[in-house]
Amino acid sequence: MAIYTEEEARKIMEKALSFSKADSCSISLTGSESGNIRYARNSVSTSGHRSNQSLGVQSSFGKKSGSATIDEFDDASLEKVVRRAEELAQLSPENPEFMQPLGSQTYDDAVTFVQATADVTPEFRAKVAESSITPASQNDVTAAGFLDDSTGFRALLNSNGLFAYNKSTDVDFTITMRTNDGTGSGWVTRDFNDITKFDPDEAAKTAVDKAVMSREAKAIEPGRYTVILEPAAGEELLGRMFGAFDARTADEGRSFMSSKDGEGTKMGQKIVDDRVHIWSDPRNTEVPTATWDGEGLPLKKMDWIENGIVKNLAYSRYWAEKQGKEAVPYPGNFIMAGGDSSLEEMIKNTKKGILVTRFWYIRSVDPQSLLFTGLTRDGTFYIENGEIRYPIKNFRFNESPIIMLNNLEELGKQVRVGGNLIPYMKIRDFSFTSLSDAV
């Protein structure tokens, strides 16, 4: 097994550190056990298990650093990897942004590990595949899906007294359903720390229904439409906005968060609708993460946008010291406040609009305005007078999540997508620029 307890991990890392002759030394140790099943054309194609472990060493002499990794942990191997990191450090140029390793820190307890997920068996994975393939076959649809579950740990230890350890479980599932006449497509993604929250029958039914409903899509004119974005679609754009919460790129005038006059950042400025509240919380039980980042900085609950106003930006340790600020680690999750509306209510309240299942093939057009282009996919539907009227051909869009969040009409229930909590969103004047014949 590649999963070490906290005590076992500490013992291995302390042994490695004992061989260090450098000015400073940081040791990382990771391990994971994971299983998966993949199916396509309504038949299982692969089933696998992976077991990985790795120990990394960063040794530093002054501002010169070198790194090496190894996956054998006997004493001779541990000394070998430390010597190798030290040799590379001596050959390296000085890093002007070098920061000494952190000292000892205090962390909140994480809620990232669920025993039920660690206990997932190959038989369970086979049943998940069956719950997709059977309804697909019964509905003249072809299923292709992938389930991956994992248990892992990571730990940090350094010569300044820091030690951190976290154990976690994860489940990722995605399925695409295509009608056998080739004109309809449905798709679903699910991810959890806790496997007991995963309903494979619900996921398969949603994908089958989308595929059947999206057959023989009609073309409508591109333009600006009211859209209802399912959480997977919203996350594709919001996730790119979350990446802009970096103080350095903002201070250097390289991001949307740069002040328009070129002096400083948009911290404290109102940039989106009053209802937009985005925060991070490593101990949220729906989207838990480790309570420390890759350098060992503690992660705490933190607001990033509140009442539409930028409340915080992430500061690396180097940039914080240079700017005279406190370091603010980049979070492990983002949570956007939702509303009371169900998807059915949002559709019922829409006179004319488009329901979007997901976006894909998204590319940046202008980092300064966070303008992106991409395509709809796997189920796009025209809404009229409170009802879904018919499937429509896919669109190319040009849109910014900032403009999108200024055109909010309604917020719905939050759903976990990609480790974040994102609500259903109803947006006015979403810009579709051209049609795509892709299904």
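Per-residue answers, yes or no, for (1) in contact with a strand residue (DSSP E or B) (Cβ under 9 Å, 6 or more places away or on another chain); (2) among the hydrophobic types (A, V, I, L, M, F, W, C); (3) within 30 Å of LYS11 (Cα to Cα):
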{"site": "LYS127", "(1), (2), (3)": "no, no, no"}
{"site": "ASN160", "(1), (2), (3)": "yes, no, yes"}
{"site": "PHE163", "(1), (2), (3)": "yes, yes, yes"}
{"site": "ASP172", "(1), (2), (3)": "yes, no, no"}
{"site": "SER185", "(1), (2), (3)": "yes, no, no"}
{"site": "ASP191", "(1), (2), (3)": "yes, no, no"}
{"site": "ILE195", "(1), (2), (3)": "yes, yes, no"}
From the set of residues in the range 2-36 that are more than 17 Å from ARG84 (Cβ to Cβ) and hydroxyl-bearing (Ser, Thr, Tyr), which is least open to solvent (accessible area, probe 1.4 Å)? SER34
Residues being open to solvent by 10 Å² or more (accessible area, probe 1.4 Å) and closer than 23 Å to LYS351 by Cα - total across the range 400-425: 8
Only one of (1) in a loop (DSSP other than H, G, I, E, B); (2) modelled with pLDDT of 95 or more; (3) touching a Ser or Thr at 6+ places or on another chain (Cβ under 8 Å) fails for ASN284. Which number is that? (3)
In the range 127-137, is there at least one residue being at pLDDT 95 or above, within 30 Å of SER20 (Cα to Cα) and out of contact with any Asp or Glu (no Cβ under 8 Å at 6 or more places or on another chain)? no
Mind listing whichever residues of the range 14-46 are under 28 Å from the mean Cα position of the chain (by Cα), closer than 23 Å to PHE98 by Cβ and hydroxyl-bearing (Ser, Thr, Tyr)? SER26, SER28
Please work out if LEU78 is within 19 Å of GLU8 (Cα to Cα) and open to solvent by less than 40 Å² (accessible area, probe 1.4 Å). yes
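Residue-wise test of (1) modelled with pLDDT of 95 or more; (2) within 30 Å of ARG283 (Cβ to Cβ); (3) out of contact with any Asp or Glu (no Cβ under 6 Å at 6 or more places or on another chain).
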position: ARG377; (1), (2), (3): yes, no, yes
position: TYR382; (1), (2), (3): yes, no, yes
position: ILE392; (1), (2), (3): yes, no, yes
position: PHE395; (1), (2), (3): yes, no, yes
position: ILE422; (1), (2), (3): yes, yes, no
position: ALA438; (1), (2), (3): no, no, yes
Among the listed residues GLU286, GLU263, which satisfies the condition of being under 19 Å from the mean Cα position of the chain (by Cα), over 25 Å from LEU102 (Cβ atoms) and not polar (S, T, N, Q)? GLU286
Residues of the range 127-167 classified as of a type outside the set (Phe, Trp, Tyr) and either under 30 Å from SER26 (Cα atoms) or open to solvent by 50 Å² or more (accessible area, probe 1.4 Å) (or both), total: 23
Members of the range 298-324 that are of a type outside the set (A, V, I, L, M) and either at pLDDT below 95 or part of a loop (DSSP other than H, G, I, E, B) (or both): LYS300, LYS301, ASN307, GLY308, LYS311, ASN312, SER316, GLY324
So, SER43, is that one exposed (fewer than 15 other Cβ atoms within 10 Å of the Cβ), under 28 Å from THR174 (Cα atoms) and among the small types (Gly, Ala, Ser) or not? yes
Consider GLY182 carefully, then state whether it is within 21 Å of the chain's Cα centre (by Cα), open to solvent by 30 Å² or more (accessible area, probe 1.4 Å) and more than 24 Å from SER34 (Cα to Cα). no
Select from the range 213-267 the residues that are among the acidic types (Asp, Glu) and either surrounded by fewer than 16 Cβ atoms within 10 Å (Cβ to Cβ) or touching an Asp or Glu at 6+ places or on another chain (Cβ under 7 Å) (or both) and list them in ascending order. GLU216, GLU221, GLU252, ASP261, GLU263
Checking the conditions here, which among GLU344, GLU326 is without any contact (Cβ under 8 Å) to a residue 24 or more places away in the chain and closer than 28 Å to LYS311 by Cα? GLU326
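The rows are residues; the columns are (1) within 30 Å of SER259 (Cβ to Cβ); (2) surrounded by fewer than 18 Cβ atoms within 10 Å (Cβ to Cβ); (3) touching a Phe, Trp or Tyr at 6+ places or on another chain (Cβ under 7 Å); (4) of a type in the set (S, T, N, Q).
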residue: GLY324; (1), (2), (3), (4): yes, yes, no, no
residue: ILE335; (1), (2), (3), (4): yes, no, yes, no
residue: ASN349; (1), (2), (3), (4): no, yes, no, yes
residue: SER369; (1), (2), (3), (4): yes, yes, yes, yes
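The values are calculated or read from the model by the stated rules, or taken from the named source; none is laboratory data. These figures come from a predicted structure and were not determined experimentally. With ideal geometry, Cβ positions are generated from the backbone for all residues, glycine too; neighbour counts draw on all protein chains shown. The area values use the complete protein model at the heavy-atom level, side chains included, leaving out ligands, DNA and RNA. Shrake-Rupley method; radii C 1.70, N 1.55, O 1.52, S 1.80 Å.
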